[in-house]
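Student: Would you mind keeping the following structure in view while I ask a few things?
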Amino acid sequence: MGTSLVTWLTDPFLLGFQQRSLAGGVLAGLMSAVVGTWLVLRGMSFFGDAFVHGVVPGIAAAVVLDINPAIGAAIAAAVMVAGIELVNRQTALKEDTAIGLLFVGMLALGVIIISSTDSYTGSLTSILFGDALGVTTEDLLGQGALAVGIVVVSVLLYRPFLAMAFNRDKAELLGMHPRRAHAALLVLVAAAVIGSYRSVGTLLVFGLLVGPPATAALVARTVPRMMALAAAVSVVSVWLGLVLSYHLGTAGSATMAIIPIVFFFVTLTATRLRVRLRRVTAAPERTSTGRETNGDH
């Protein structure tokens, strides 16, 4: 039984391309966990989702023009942010309206660009849903560099990010330049998406961006613990997703992306049950204490 279980867990990673898919997924998960923690703390999940889709036309154009996808994604991210700012300043519409408009518009533009190529189906599938088993050594080196950069910037800007997450006005008063910190966070989001789209895809990377940090937020009481727990959930999600994908014959990227969502609802259910159990346990004690007090009087 023990041997068969070990075999069941290790068979998905016997070959080189399978090992690279695991390494690529882990790097994507770690990047997403770090950046996603700040998105969740700031209540920017919808913005993060829109931003993820906003880089699709940039990556698509890069694929069509055969240039580095990072360049295309960076340009698309800048256009996305500029568009949101333009709508906010020139109209009375709220920010979520601007985000929704650009969310759909940028995604549609990306599909239009890809549809102009002969390899429409393959390119679109790869960009939107990733190609976990197609990760190369070159991809891993690029992911590693981005992961290191994201962690370093997050450490250096920890205080501005923290202050901005809880009170932007106070951050301004403390001279922490929240606008600059916000811009830096957008750069980190773009970097995480660029580093993850190959393994998970632009549509599904949002599962790793929000799922693990949201799960960690249910149990962690400090930001460092939340970030560390989110990273652990990401790594387990990637590993378990690839194992299940191998044995069930499902898409690796999609399976990796759905695992942290399942973890979130399992954790939520467990925490709610624990709270109710404490209340039920504490109720008789309070009743007993009250009776004793009345008897003394």
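Student: Placing unit charges on C-beta atoms (Lys and Arg positive, Asp and Glu negative, everything else neutral), compute the dipole magnitude of the range 210-286 about its Cα centre in debye, rounded to 20.
Tutor: Dipole size: approximately 480 debye.
Student: Shifting gears a bit: Which helices, taking whole DSSP H runs in the chain, have alpha carbons extending 24 angstrom or more along the helix axis plus mean Kyte-Doolittle at least 0.5?
Tutor: Details: long enough: 16-41 (37 Å, 1.12); 69-90 (31 Å, 1.23); 95-115 (30 Å, 1.91); 137-156 (29 Å, 1.55); 178-196 (27 Å, 1.28); 223-248 (36 Å, 1.57); 252-296 (67 Å, 0.09).
Membrane-span-like by this criterion, though nothing is claimed about a membrane: 16-41, 69-90, 95-115, 137-156, 178-196, 223-248.
Student: Calculate what fraction, in whole %, of the accessible area of the chain sits on carbon and sulfur atoms when a 1.4 Å probe is rolled over the protein chains. If you can, show how the numbers build up before the last one.
Tutor: Values: 10170 of 15390 Å².
Here carbon and sulfur together make up 66 percent of the probe-accessible area.
Student: Going toward the positive end of the dipole of the chain, with +1 on Lys and Arg Cβ and -1 on Asp and Glu Cβ, which of Leu140, Ala60, Leu41 do you reach last?
Tutor: Selected residue: Leu41.
Student: Just need the relative contact order of the chain here, percent rounded to a whole number, with Cα pairs under 8 Å and 6+ apart. Write down the numbers at each step before the final one.
Tutor: On the way: 407 pairs, mean separation 80.2, N = 297.
It comes to 27 percent, rounded to a whole number.
Student: List the relative contact order of the range 191-234 as a percent without decimals, with contacts defined as Cα pairs under 8 Å and 6+ residues apart. Please report the intermediate quantities before stating the final value.
Tutor: Numbers: 26 pairs, mean separation 13.6, N = 44.
That works out to 31 percent.
Student: Another question, if that's okay. Just one of (1) 29, 27, 15; (2) 37, 29, 17; (3) 46, 23, 17 is semi-axes √(5λ) of the Cα gyration tensor in Å calculated from these coordinates, so which is it?
Tutor: (2)
Student: For the range 132-184, with only Lys/Arg (+1) and Asp/Glu (-1) charged at the beta-carbon, what is the dipole magnitude about the Cα centre, in debye rounded to 20? Before the final figure, lay out each step's value.
Tutor: Numbers: 5 positive and 4 negative charges, 71 e Å.
Once rounded to the nearest 20, the dipole reads 340 debye.
Student: Quick check for you: with a 1.4 Å probe and neighbouring chains kept, what is the accessible area per residue of the range 1-144, in Å²? Could you put the intermediate results ahead of the total?
Tutor: On the way: 6940 Å² over 144 residues.
On a per-residue basis, 48 Å².
Student: Summing Lys, Arg as +1 and Asp, Glu as -1, what charge do residues with Cβ under 14 Å from the Cβ of Thr136 carry, Thr136 excluded?
Tutor: Numbers: positive: Arg20, Arg198; negative: Asp131, Glu138, Asp139.
Cβ neighbours under 14 Å give a net charge of -1.
Student: Would you mind putting 227-237, 266-276 in packing order, based on average other-beta-carbon counts within 10 Å, highest first? Spell out each step's value before the answer.
Tutor: Working: 227-237: 22.7, 266-276: 11.5.
Ranked from most to least packed, the peptides come out as 227-237, 266-276.
Student: Could you state the orientation-averaged shadow area of the convex hull built on the Cα atoms of the range 45-105, in nm² to one decimal?
Tutor: Details: hull surface 15.6 nm².
About 3.9 nm², averaged over all directions.
Student: Moving on to the next point. Show that you can apply the helix-only estimate: for the chain, add -39,500 (n - 2.57) for every DSSP H stretch of four or more residues, divide by all residues, and state [θ] at 222 nm to the nearest 500.
Tutor: Numbers: 14 runs with 246 residues, N = 297.
For the chain, the value works out to -28000 deg cm²/dmol.
Student: Also: Treating the beta-carbon of each Lys and Arg as +1 and of each Asp and Glu as -1, no other charges, what is the dipole magnitude of the chain about its Cα centre, to the nearest 20 debye? Display every interim value, and only then the final one.
Tutor: On the way: 19 positive and 15 negative charges, 229 e Å.
Magnitude of the dipole: close to 1100 debye.
Student: Sort 129-137, 66-74, 159-167 by packing, meaning the average of other beta carbons within 10 Å per residue, with the highest value first. Mind showing how you got there, number by number?
Tutor: Numbers: 129-137: 19.7, 66-74: 16.6, 159-167: 18.1.
Packing order, densest peptide first, comes out as 129-137, 159-167, 66-74.
Student: Here's something else I'd like to know. Taking H placed 1.01 Å from N in the peptide plane, check which residues at least 5 places from Ser199 or on another chain put their amide H under 5 Å from its amide H.
Tutor: Hits under the 5 Å cutoff: Asp131.
Student: Please report the net charge: other residues with Cβ closer than 13 Å to the Cβ of Val200, K and R +1, D and E -1. Please list the in-between numbers first.
Tutor: Numbers: positive: Arg198; negative: Asp131, Asp139.
With Lys, Arg at +1 and Asp, Glu at -1, the neighbours total -1.
The values are calculated or read from the model by the stated rules, or taken from the named source; none is laboratory data. These numbers were taken from a predicted model, which means no experiment stands behind them. For neighbour counting, all protein chains shown are included, and Cβ atoms are generated from backbone atoms with ideal geometry for every residue, glycine included. Side chains are part of the model used for accessible areas, which takes the heavy atoms of the whole protein and leaves out ligands, DNA and RNA. Shrake-Rupley method; radii C 1.70, N 1.55, O 1.52, S 1.80 Å.
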